[in-house]
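First the structure, in the form of structure tokens, and then the observations on it.
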Amino acid sequence: MTLPAFLQQCVLGLTSGGFLGLIAVGYTLVYGTVGLIHFAHGDVVMLGGCLAVGLLSLLAPFAFDPLVGWLMIVLVTISCGFFCGGLNMAIDRLVYRPLRQAPPLAPLVSAVGVSFILMNVGLLWLGSTDQAFPDLVTNAGSPALRSPVTMADLVVLSLVLPALIGLAILLQRTRFGRSLRSVAAVSRVTTPTGGADQFISATFFLGGFLGGVASVAASIHTATINYQMGYQTGLYALAAAVLGGIGSVPGAIVGGLLVGLIRAFSTVVLGPRWAAAAVFLVLIVILAFRPEGLFGQKRRERRPA
Amino acid sequence: MSGRLSDRWWLANSWEPAVFGLLAVAPLIIPEFAGGLGGQFTTVMILGVAALGLNVMVGFTGLLHLGIAAFLGIGGMTLAILTVPTNPLEIGFLPAVLASVGVTAAVGLFLGAPTLRLRGDYLAVVTLVFGEVVRALLCNLEQITGGMQGLGPVPPPGAGVIVGGVDLGRSFIVDARWFYYLALAVLGAVVLLLRGIERSALGRAWIAVREDALAAATLGISVTRVRLSAFAIAAAIAGLAGSLSVASLGTTGDPNAFGFNRSVAILCAVILGGLGSIPGTLVGVAILFGFDIVVIPWADGWLQQLQPPTWRTEPLSLGSWRLALVGVALIVMMRFRPEGLVPSRRLAAELHEARQ
């Protein structure tokens, strides 16, 4: 592999790892607070992408300048963040909250049910084929520019980096962030009090918001979107969260970057169709030696249902 | 345990023999079973076998498994590799089925051994990811598996065996009822086998480990060995189902059919019917897959006839809503009847106790 090719894959891996990390944070936050693998998270992200396609196709005729196009993308990203955050909160309110005291399998199966419903919404929204994602920044995906950074990479970074920095500030500097970290470090929120419910809602909103930002970044990165994207991207992100140690926010981001890099390099070395197998094999091997993931803490085994 | 402590342990309830009897008699009365309908029922029954296998892991032993379809794929692919005419082996149906069961049991042990240390949720993720790796292998190892087209043609059981001047394998292809009865017989045999195990020391150990692994260990039960046996037996039964499925279709088909969606669908059927309950699992399969494989194509055909031809561009169909329907069913079930439709008594008592 030549040096430019190597750098190119590094950039590709880190940009895709960035948004995978953002989605992984959504899995990890929910797991840290309510102890649930939120299987529908990937599909929430997919619906964010649907909304972005809809809004950007409306706006596309007015994007006469790449800078205006970029501003539009930023605006759409923020609206997708609020949309996904709200959707995530609604899912928690309607589906998970009544099951807070139920055995762990009940919310997990409900999460799969929510995932099916959202996937069906995406199927009716987008149809069963790939949809092209509108390209508002001129030639963002043009291969001519790929040496080693494309416009698309820059746009993705301009969305992912502020989100990551914002998340770091939120976790370090705010009361909510500090309680989020302490909850994740000690135990799940189990007391069904009003305060706990608000806290959990806020957690779901935060995870959804980051997922909404990631949905636009992911769609720009691949230039297409389809209704199964939630499952595919969501699985990579879940792998990232588990790899980093589910429950740990830095773990999720590091896991995302690792998964992005493994995917990028296995695509070149082994071929694109082996990328998924490579990522998942690494995950299985790491878990076999370090069952709690890279940054995870050992916890006592909960009794399965 | 769902079985009563009676002498006639193989009869857990009175309606089960009636249903099996009905299934045995129906094809003799309804001629459509020789064609498409028989094939659809065969598919549902084969998925029933797979669901019974999954129930061993999730229901009896309490290990959440999200990659059961991978074992369907491995079993089916083993059968195909050993029997297709393009490969030199061609060992025939029965030895190949036995080989599939052996191979899937071994793979189940191979997956189980390193993952026993994992907590419940991590185990779920690892089995899910394992399923994806298997799917990728089936898709990508084209020289062996035939890639996306799959491997075929898989000869039917009894090909080349002449009974009364008729090739037995040919009867399997011409009349769907042959496979129907084969699947029914296998389903019945697996039910009896599992009911026997459920009452044996092994079955009790599974449930003891599910209830409290630490307490089981203090009673001298080897938790590792018990969990591994569940891994292997679940995998072997799923492998049996996979090899039957491939034989009845005549090809392994698109390997993506052995992905996460199939695994989750089988898991949903088990949970819908009642975790840890054999009749419950069968009821769940009958409802979920009966709906998906038999009712939806029938209802959509009917809906298409009903609509004026001008609607044909965007025909109203149940098929495009099936994911949402299943999703709603799962959520409603978990909210109001988490123990399933035909629950195992112990689990039902526990779940309701936990909610109070």
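The values are calculated or read from the model by the stated rules, or taken from the named source; none is laboratory data. Predicted model, so just to flag it, every value in this text is computed and none were measured. Cβ atoms come from the backbone with ideal geometry, glycine included; neighbour counts cover every protein chain shown.
Among all residues of region A:80-95, there is at least one that is surrounded by 22 or more Cβ atoms within 10 Å (Cβ to Cβ), within 19 Å of A:Gly32 (Cβ to Cβ) and among the charged types (D, E, K, R). For region A:105-112, the criterion of being assigned to a helix (DSSP H, G or I) and away from every other protein chain (no Cβ under 14 Å) is satisfied by no residue at all.
When the residues of region B:193-223 are filtered to those that are within 14 Å of another protein chain (Cβ to nearest Cβ) and under 24 Å from the mean Cα position of the chain (by Cα), the one that is surrounded by the most Cβ atoms within 10 Å (Cβ to Cβ) is B:Trp206.
Picking from residues in region B:251-263 that are surrounded by fewer than 24 Cβ atoms within 10 Å (Cβ to Cβ) and closer than 20 Å to B:Leu141 by Cα, the one that is farthest from the other protein chains (Cβ to nearest Cβ) is B:Thr251.
Inside region B:269-284, residues that are within 18 Å of B:Gly327 (Cβ to Cβ) and either of a type in the set (A, V, I, L, M) or surrounded by fewer than 24 Cβ atoms within 10 Å (Cβ to Cβ) (or both) make up a count of 4.
Of all the criteria given as (1) crowded, with 24+ Cβ neighbours inside 10 Å; (2) closer than 14 Å to A:Leu12 by Cα, the one not satisfied by A:Tyr227 is (2). Can you find even one residue in region B:227-234 that is within 11 Å of the chain's Cα centre (by Cα) and at pLDDT 95 or above? Yes, there is a match, as at least one residue in region B:227-234 is within 11 Å of the chain's Cα centre (by Cα) and at pLDDT 95 or above.
Answer with yes or no whether A:Phe205 is more than 10 Å from chain B (Cβ to nearest Cβ), within 14 Å of the chain's Cα centre (by Cα) and part of a helix (DSSP H, G or I). In short, yes. The residue pairs whose first member lies in region A:117-131 and is touching a residue at least 60 places away in the same chain (Cβ under 8 Å) and more than 10 Å from chain B (Cβ to nearest Cβ), whose second member is polar (S, T, N, Q) and surrounded by fewer than 21 Cβ atoms within 10 Å (Cβ to Cβ), and whose beta carbons are closer than 8 Å, counting only pairs six or more residues apart or on different chains, are A:Leu126/A:Asn226; A:Thr129/A:Asn226; A:Asp130/A:Thr224; A:Asp130/A:Asn226; A:Gln131/A:Thr224; A:Gln131/A:Asn226. Remark: pairs (first residue in region B:292-306, in contact (Cβ under 8 Å) with a residue 40 or more places away in the chain; second residue in a helix (DSSP H, G or I) and surrounded by 15 or more Cβ atoms within 10 Å (Cβ to Cβ); Cβ separation under 7 Å; 6+ apart in sequence or on different chains) = B:Ile293/B:Gln40; B:Ile293/B:Thr43; B:Ile293/B:Val44; B:Val294/B:Gln40; B:Val294/B:Val44. Looking at region B:153-169, is at least one residue surrounded by fewer than 18 Cβ atoms within 10 Å (Cβ to Cβ), of a type outside the set (A, V, I, L, M, F, W, C) and within 23 Å of the chain's Cα centre (by Cα)? Yes, some residue in region B:153-169 is surrounded by fewer than 18 Cβ atoms within 10 Å (Cβ to Cβ), of a type outside the set (A, V, I, L, M, F, W, C) and within 23 Å of the chain's Cα centre (by Cα). Here region A:169-193 is the region considered, the condition is being of a type in the set (D, E, K, R) and within 22 Å of A:Gly296 (Cβ to Cβ), and the residue that is modelled with the lowest pLDDT is A:Arg188. Among the numbered conditions (1) touching a residue at least 12 places away in the same chain (Cβ under 8 Å); (2) within 14 Å of chain A (Cβ to nearest Cβ), the only one that B:Pro114 does not meet is (1). Inside region B:157-180, residues that are outside any helix (DSSP H, G or I) and small (Gly, Ala, Ser) make up a count of 5. In this structure, is B:Ile266 within 14 Å of chain A (Cβ to nearest Cβ) and either closer than 17 Å to B:Gly108 by Cα or at pLDDT 90 or above (or both)? In short, yes.
The condition of being under 23 Å from B:Asn261 (Cβ atoms) and buried (at least 18 other Cβ atoms within 10 Å of the Cβ) holds for only one of A:Ser266, A:Ser248, A:Ser219, that being A:Ser219. In this structure, does B:Val126 turn out to be crowded, with 24+ Cβ neighbours inside 10 Å, closer than 26 Å to B:Asn261 by Cβ and within 14 Å of chain A (Cβ to nearest Cβ)? When the stated conditions are applied, B:Val126 passes them.
Listed by first and then second residue, the pairs with beta-carbon distance under 8 Å, at least 6 apart or on different chains, first residue in region A:234-257 and away from chain B (no Cβ under 13 Å) and without any contact (Cβ under 8 Å) to a residue 60 or more places away in the chain, second part of a loop (DSSP other than H, G, I, E, B) and surrounded by fewer than 24 Cβ atoms within 10 Å (Cβ to Cβ), are A:Pro250/A:Phe295.
Residues that are within 15 Å of B:Leu228 (Cα to Cα) and β-branched (Val, Ile, Thr) within region B:104-138 comprise B:Thr104, B:Val107, B:Thr115, B:Thr127, listed in sequence order. In this structure, does A:Phe62 turn out to be more than 14 Å from chain B (Cβ to nearest Cβ), surrounded by fewer than 24 Cβ atoms within 10 Å (Cβ to Cβ) and under 30 Å from B:Arg335 (Cα atoms)? For A:Phe62, the condition - more than 14 Å from chain B (Cβ to nearest Cβ), surrounded by fewer than 24 Cβ atoms within 10 Å (Cβ to Cβ) and under 30 Å from B:Arg335 (Cα atoms) - is not met.
Screening B:Leu98, B:Leu52 for residues that are over 18 Å from B:Asn261 (Cα atoms) and either among the aliphatic types (A, V, I, L, M) or within 9 Å of chain A (Cβ to nearest Cβ) (or both) leaves exactly one candidate, B:Leu98. Consider region A:83-103 and keep the residues that are within 7 Å of chain B (Cβ to nearest Cβ) and in a loop (DSSP other than H, G, I, E, B). The one that is farthest from B:Met333 (Cα to Cα) is A:Gln101.
Here's the yes/no breakdown for (1) surrounded by fewer than 17 Cβ atoms within 10 Å (Cβ to Cβ); (2) among the hydroxyl-bearing types (Ser, Thr, Tyr); (3) touching a residue at least 60 places away in the same chain (Cβ under 8 Å); (4) more than 19 Å from B:Ala234 (Cα to Cα):
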site: B:Phe71; (1), (2), (3), (4): no, no, yes, no
site: B:Val97; (1), (2), (3), (4): no, no, yes, no
site: B:Leu137; (1), (2), (3), (4): no, no, no, yes
site: B:Gly146; (1), (2), (3), (4): no, no, yes, yes
